[in-house]
Amino acid sequence: MGFAVTAVHQVVPVMPAIDAVTSDVLTLRARLRERGLDSEVFVLERLPGQDVHLLDRLLEGPAPAAVLFHYAIASPATRRLAGSRLPLVLLDHNTTPAGYYWLIDRAHYDVCRAARTEIALLRERAALALGRSEFTRRELVALGFRRTGVLPILLEPEGYLGHRPGAGAASRGGGGTVILTVGRVAPNKRVDDAIRVLHAYRRGVDPGARLWVVGDYARLPVYRAGLDRVMGRLNEDGVVFTGRVDAGTLRECYATASVYLSMSEHEGFNVPLVEAMLSDLPVVARNAGAAGDTLGDAGLLIDGRDPCLVAEAVARLTADPVLREQQVERGRRRAAELSPDRAVERLLRDMVAAGLELGP
């Protein structure tokens, strides 16, 4: 858009070394800088080696044209920014509803409950409130935010396009259909339902099928133990929990799998759906949360959680090459629509429309 040099900074309370939010923040910073904007990242606590600054520096320095505040958890950053005079743009990553954790983990319950209360402090302060999906934008409207919009999570496509599997991923396949699901093992993700889908698929279609569950399973041991009980009752031995993996291994998983499956009940965006589309991996997803917003017309969306119905959708994609290629092609188009360049252009237009001065 050719803006003159202007400062548009970001604030994220916590920026882990590997995380979808971290990737989003760094990609957004790079794209803003490419457009001639001065852009830095400010945090409450800096990890060793991170190219970021402490929040105090932003609060004590000259005001930029805008501050993009990534909101997902309750933190002291919210009150400090709400009490400042900085021009704020809220980027709501959508906190998981606390009720999912009531009988699973009280600490998670308290954090999520506080987050959905604390966001109200920004209602009168944010010049613009952007959900990371239309699903989240509607929640912002319900919370009373007046000027809202959508900014999809930014994901660099290059690492996925044309990626080919390596030996590490191939060794987990076992020769049958590989159903992949990615994300932290948490109750809203409904990994238990994914296990039931695998069980139905193995009984009716492919006894050699496997379900790869890629993501951290250590933080919620009560839920993880519940999954063990589900597998025990079903006598199901086709599930592979990988834990967290590095970026290269994750891409190998996408490149090697047969179908991507999301049974999640609540997602504010669902980054793995985009990763799957970039990897030419067809998607079957439960039509809940932001799944429909993120997929668009790509993937097979299933209402409800009937494992036999979902297993049938997986079977269609593995048995019908014409349907599979159709879904892959739709995924390519949808992933292109969600590209970082398009997202940033939309962000800058929305900011100007909200009255933020970004230069000529």
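The values are calculated or read from the model by the stated rules, or taken from the named source; none is laboratory data. Please read these numbers as outputs of a predicted model, since none were measured by experiment. Note: ideal-geometry Cβ built from the backbone for every residue, glycine included; neighbour counts use all protein chains shown.
Take residue 91 and decide whether it is at pLDDT 95 or above, buried (at least 16 other Cβ atoms within 10 Å of the Cβ) and not basic (Lys, Arg).
Yes: the conditions hold for residue 91.
Please work out if residue 106 is exposed (fewer than 15 other Cβ atoms within 10 Å of the Cβ) and among the charged types (D, E, K, R).
So residue 106 passes the test.
Counting residues that are over 22 Å from residue 132 (Cβ atoms), which helices (runs of 4 or more DSSP H) fully inside region 1-102 reach at least 1?
55-60, 76-82
Restricting to region 314-353, and then to whatever is in contact with a helix residue (DSSP H, G or I) (Cβ under 9 Å, 6 or more places away or on another chain) and of a type in the set (Gly, Ala, Ser), can you tell me which residue is surrounded by the most Cβ atoms within 10 Å (Cβ to Cβ)?
Only one residue fits best here, namely 331.
Among the residues of region 264-278 satisfying the criterion of being touching a residue at least 60 places away in the same chain (Cβ under 8 Å) and touching a Lys or Arg at 6+ places or on another chain (Cβ under 7 Å), which is farthest from residue 317 (Cα to Cα)?
So the residue we want is 268.
Does residue 132 satisfy the criteria of being within 22 Å of the chain's Cα centre (by Cα), basic (Lys, Arg) and buried (at least 22 other Cβ atoms within 10 Å of the Cβ)?
Spelling it out, residue 132 is indeed within 22 Å of the chain's Cα centre (by Cα), basic (Lys, Arg) and buried (at least 22 other Cβ atoms within 10 Å of the Cβ).
Please enumerate the residues belonging to region 177-206 that are touching a residue at least 40 places away in the same chain (Cβ under 8 Å) and part of a loop (DSSP other than H, G, I, E, B).
177, 183, 185, 186, 190, 205, 206
Among (1) of a type in the set (Ser, Thr, Tyr); (2) surrounded by fewer than 17 Cβ atoms within 10 Å (Cβ to Cβ); (3) within 18 Å of the chain's Cα centre (by Cα); (4) closer than 25 Å to residue 146 by Cβ, which single condition is residue 84 missing?
(3)
Exactly one condition in (1) under 30 Å from residue 7 (Cβ atoms); (2) crowded, with 19+ Cβ neighbours inside 10 Å is false for residue 283; which is it?
Condition (1) is where residue 283 drops out.
Yes/no matrix, rows are residues, columns are (1) in contact (Cβ under 8 Å) with a residue 60 or more places away in the chain; (2) of a type in the set (Phe, Trp, Tyr); (3) surrounded by fewer than 18 Cβ atoms within 10 Å (Cβ to Cβ):
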{"position": "49", "(1), (2), (3)": "no, no, yes"}
{"position": "55", "(1), (2), (3)": "no, no, no"}
{"position": "68", "(1), (2), (3)": "yes, no, no"}
{"position": "77", "(1), (2), (3)": "yes, no, no"}
{"position": "110", "(1), (2), (3)": "no, no, yes"}
{"position": "114", "(1), (2), (3)": "no, no, yes"}
{"position": "117", "(1), (2), (3)": "no, no, yes"}
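Restricting the first residue to region 21-37 and requiring it to be surrounded by fewer than 18 Cβ atoms within 10 Å (Cβ to Cβ), which pairs with a second residue that is at pLDDT below 95 and among the β-branched types (Val, Ile, Thr) meet a Cβ separation below 8 Å and a spacing of at least six or different chains?
36/5
Evaluate region 211-229: report whether one residue or more is within 27 Å of residue 92 (Cβ to Cβ), in a helix (DSSP H, G or I), out of contact with any helix residue (DSSP H, G or I) (no Cβ under 9 Å at 6 or more places or on another chain) and modelled with pLDDT of 95 or more.
Checking region 211-229: not a single residue is within 27 Å of residue 92 (Cβ to Cβ), in a helix (DSSP H, G or I), out of contact with any helix residue (DSSP H, G or I) (no Cβ under 9 Å at 6 or more places or on another chain) and modelled with pLDDT of 95 or more.
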